[in-house]
Amino acid sequence: MKSIAFLLVAAYIGLSAALAASHAAAPGAAPGTASGAASGTPPSAAVVAASGAAPVTAPASTAQAKQPAKPDLVKGEASFTAVCVACHAADGNSAIAANPKLSQQHQLQEYKSGQRNNAIMKGFASALSDADMKNIAYWVASKPVKPGFAKDKELVALGERIYRGGIADRQVPACAGCHSPSGAGIPSQYPRLGGQHAEYTATQLTYFRDGVRKNNLQMTQVAAKLNDREIKAVSDYIAGLR
C-alpha cells in the first residue's frame with residue numbers, strides 16, 4: 001500500500017513540475033494554460049501521458065470529408081429483383097395497368113415515412129435502407145420506359161388540350177408546364193408521366209382530388225378542379241406521350 005501511495009504522489013509531483021515548467025516557458029499564458037496553446041504547438045506527449053488526458057487531434061479538413069456514396073446499380077438491380085419485380089416486372093415496365101411503370105419515379109422515401117399512404121408499398125419500403133432506395137431508384141431510372149398508347153379516340157383531343165393548355169376558366173394549369181411537353185418530367189422534382197398506364201394515372205388524380213392521396217398540395221389543388229371525364233381524358237392522352 002505504501003508503494004502505491006508513493007507512486008501516486010510521485011506522479012502528482014511529476015505532473016505539477018511539468019505544468020510549472022510549461023508556465024515558466026510562457027509567462028504570458030493564462031493560469032492553467034500550457035505554453036503550447038499560446039504558440040499553437042500541442043503539449044508534449046509526457047505532459048499528456050502524465051495527466052491521463054486523451055491526445056487532441058486536429059479535425060479532418062473539409063476536403064477530406066466523407067463524400068456521399070455513389071449509387072450502386074448492381075445492388076439496385078439485386079434489390080429490385082428481390083422486392084419489386086413481382087408487381088413491376090423485371091425492368092420496371094409493369095404490364096399490369098394498376099401498377100405503375102417506375103422509370104424516373106421517386107416515391108420510396110414518402111412511402112416509408114408515411115407521407116404517401118399505401119399499405120402494400122409501405123411494407124416493402126420500410127424494409128429498405130436509404131442506400132437501398134437510392135440504388136433501386138438509380139437502377140430503375142437507367143431503364144427505358146416502354147411506350148404506351150392513347151385508346152379513347154373521343155377523349156384524346158380533350159386530354160391534349162388539358163395537358164398542353166390547361167383549363168383557363170377554372171385556373172387549371174397545363175400539365176406540360178411541370179411534366180414537360182413529352183411527359184419526361186424533371187428528375188427529382190416532377191415525375192415522368194409519358195407512357196404511364198392510363199388507369200394508374202386516373203386513379204392517382206382521383207385520389208388527389210378526393211383527398212385520399214395527400215403528399216402533394218399542388219396536385220391536390222389541380223385535381224380538385226377536374227371532373228371524372230377530364231381526368232379520364234388527360235390520363236389517356238398521357239399514356240400515349242413519348
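Report the percentage of all Cα-Cα pairs in the range 136-189 whose separation exceeds 14 Å, rounded to a whole percent. Every Cα pair in the range 136-189 considered, those over 14 Å come to 66 percent.
Potential lengthening of the chain between Cys87 and Gln218 amounts to 44.3 nm, from the contour at 0.36 nm per residue minus the alpha-carbon distance. In this structure, Lys151 and Asn227 have a Cβ-Cβ separation that, at R0 = 25 Å, corresponds to a calculated FRET efficiency of about 0.80. Highest average first, the peptides 88-95, 183-190 ordered by how many other beta carbon atoms sit within 10 Å of their residues are 88-95, 183-190. Relative to a virtual label point 7 Å from the Cα of Ile167 in the Cα→beta-carbon direction, which members of the range 186-203 show backbone nitrogen distances below 18 Å? The answer is 201-203.
With the convex hull constructed from alpha-carbon coordinates only, the range 73-141 shows a mean projected area of 4.0 nm² over all directions. Distant-in-sequence amide contacts of Ile167, defined by a placed amide H-H separation under 5 Å and a gap of 5 or more residues or a different chain, comprise Val172. The loop-placed trypsin sites (Lys or Arg not before Pro) in the range 109-174, going by DSSP, that have at most 13 neighbouring Cβ atoms within 10 Å of their Cβ come out as Lys151. 3J(HN,Hα) along the range 134-142: 5, 5, 5, 4, 5, 5, 4, 5, 7 Hz, from the Karplus curve 6.51 cos²θ - 1.76 cosθ + 1.60 with θ = phi - 60°, whole Hz, x for Gly and Pro. In this structure, the amide hydrogen of Lys214, modeled 1.01 Å from its nitrogen in the peptide plane, lies closer than 5 angstrom to those of Asn117, counting only residues at least 5 positions away or on a different chain. Spherically averaged projected area of the convex hull of Cα atoms, the range 153-239: 5.1 nm².
Coordinate-derived values only; no laboratory data. Keep in mind it's a predicted model, so treat the numbers as computed, not measured. Because the Cβ atoms are built from the backbone with ideal geometry, glycine has one as well, and the counts that use them run over all protein chains shown.
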